[in-house]
Structure formats: structure tokens, C-alpha cells
Amino acid sequence: MPGLPDADTLAAARLALEIDGAVATITLNAPQKRNSQVPSLWHNLAAIGEALPEEVRVVVVKGAGTCFSAGLDLGLLSPGGVEGEEFLDIAASSDEHVIDTIDGYQRGFTWLHDPRFVTVAQVHGYAIGAGFQLALACDLRVVAEDAWFCMKEPALGLVPDLVGTKPLVELVGYARALEICATARQVSAPEAAAIGLATAVVPAAELDETTAELTAALLEVNAGAVKETKALLQSAKATDLESQRLLERTAQTRRFRALSNGG
């Protein structure tokens, strides 16, 4: 397994990482740029997911400064990109190359669904476009009262392509997801709570404490049981009842074996 990116590499990609026992905290760390995102950020997120130690059980994703993330760095939409990072330039390549390149971007988000972890987005200020999709990639979202979500891509002539469409539809339903995306409007924290986007909405001053309390509660429960349960809940979305019953029985068999061996 590859090692974790070092602090300098992460800083250049607008990220910071702290691991404290069973908790990994990933910080989008370019507050002067409102934590806008670039391809190197996505690639380094993927590298973190591949290399986190086995003892990590909870991953918290948050933003430094005044917001979670303003989304795509709009400098990427200019010829030549920004800070040596290209984006639209790949349009001159073959379809296969573009699709493969975006697959690499998406891998920075998909690992957050891994049953090895429970992932928590701690959202304050704006979560726009790629920022919204990063929050959606997490299992749970603790949201400050000042938070706003917006799927900005259609307003830029793009589509949400960082694995945000599936969780958005699963959380709020097709019609509401279409309305949010097709209008590119802002969704407030109270509305996010009402439609199922937010796990909790709290005053901004209580955001860190609420996330810490949730993290502590997650760590109190048997790690193997949480992992198996997350996998079962994920499969339940697309599995018929008889197949899901079998998955439950099989998972419980593994848990019986583990508990009998002290786990």
C-alpha cells in the first residue's frame, strides 16, 4: 500500500491531514481561495483514502477559514488553467482520455463511501459545486446555521461529475435533486435539514463540539459491527428483499465468528 502524502505535498494541493488514533481529519486548507478545488486536491484526496492506517474508523472533512469550499477554482476554466493545473485543456484529447482523467478526479470522492470508515462532513459557510459534492460523498453532514449548498455546475455549462448525483437523489429524491441542480440555486441550512441533506444543524460556534460528540459516539460502537452495518445499508438501496436478507444473514455470521474470537 502506498504511503500517505507528506505535509508539503498536501499543502501544495490545498489540503492538510491530521490523524489522531481512530480519527482522521482532512482540512481543505486554502482559506484565501475559499478552499476552491483543483485536480491535485482530488488526486491527493484519493491518495489519502488509499493509505489511511487500518485503525482509522472516522474521517472528518472540513474547510479552513470562512467556508467549507467554494467549489471548482474558476481559474481552471481559463486557457492554461491555474498554478500549472490544467482542466479544460483535456477537451482537446480523445473521449477515452477525458473519461479516464475524470475517473481519476472521482476517486478522490468515492473512497469516502468505503465501509471501513464513517465519514463526516463538517460544513460551514458555502459548499458550492465540488464542495457540495464533497459533502455529499460523506456519510453524514454536520452543518452550521450559516451554511449554503449550491450545485453550480449547470450554471457554468458543466454537469456534476464528482460522484454527487447519486447521493443527492438518494437523500432528497429525483424531483428535488433535479430542481436544485437545474436551477443552480442556493439551499440554506434549515432547508438542508428539512429535506434530509443535513444530519444536524447547529450554531457555527458549536460546530466543532457537535462534530466531536458525533465522532465520539461513533467510536463507542463495535468497529466491525459499524463496518458491516454501513455495507448493508449501502446494498439495501439497490438490492431486492431476498438478496438483502441473505446479505444480512451472511454479515451476522461473520459477526458471530468475530465475537466468539473476542472481536
#### Entry: Among the candidates V38, V120, residue that is surrounded by 13 or more Cβ atoms within 10 Å (Cβ to Cβ), touching a Cys at 6+ places or on another chain (Cβ under 8 Å) and in the same structural domain as A147 (by TED's automatic domain parsing)
V120
### Task
Give me a count of the residues in segment 122-141 that are part of a strand (DSSP E or B), within 15 Å of L171 (Cα to Cα) and in contact (Cβ under 8 Å) with a residue 60 or more places away in the chain.
1
### Query
Looking at segment 1-119, what helices (runs of 4 or more DSSP H) fall wholly within it and have at least 1 residues that are in contact (Cβ under 8 Å) with a residue 12 or more places away in the chain, under 15 Å from the mean Cα position of the chain (by Cα) and farther than 25 Å from L233 by Cα?
39-51, 95-110
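The values are calculated or read from the model by the stated rules, or taken from the named source; none is laboratory data. As the structure is a computational prediction, the values presented were derived from the model and not from experiment. Methodologically, a virtual Cβ is constructed for each residue, glycine included, from the backbone with ideal geometry; neighbour enumeration extends over all protein chains shown.
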